[in-house]
Amino acid sequence: MQKVIAMVIVIVAILSIGYVDPENEKSRQLLEMEGFSQIQITGFRFLGCAEEDDLAIGFKAIKNGFTVTGTICSSFFGKGHTIRYD
């Protein structure tokens, strides 16, 4: 039983690593298109988006000379990306 649980944890970890990297790159590209520079992706944000959003990625960047932090919200099905500022 413990081997099964360990195997499930390893599979989930591998799949998570493969999924997060492309989303981080998409988030970076979105922020660049919106005029941000010096972008730092800060990782998953638990409370940054609406209930219907499946993914919430935090960021810190520079826009118009000011440091800005926020969250990029998106959904797996049909919704585009939304930038929410802290």
Formal net charge of residues neighbouring T69 (Cβ-Cβ distance under 12 Å; K, R +1; D, E -1): +3
For R45, distant residues with modelled amide H under 5 Å away: A56, I57, G58
Whichever aspartates and glutamates have a C-alpha closer than 19 Å to that of K26, once near sequence neighbours (fewer than 8 apart) are set aside: E34, D53, D54
Full-extension gain in nm, Y85 to E51, via 0.36 nm per residue minus C-alpha separation: 10.5 nm
Ascending count of other beta-carbon atoms within 10 Å, so fewest first, for M33, M1: M1, M33
Packing-based exposure ordering (other Cβ within 10 Å, fewest first) of I9, I72, I39: I9, I39, I72
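Here, each number is a calculation from the coordinates, and none is a lab measurement. Because the structure is a prediction, the values reported are computed rather than measured. Here Cβ is always computed from backbone atoms with ideal geometry, including for glycine, and neighbour counts include all displayed protein chains.
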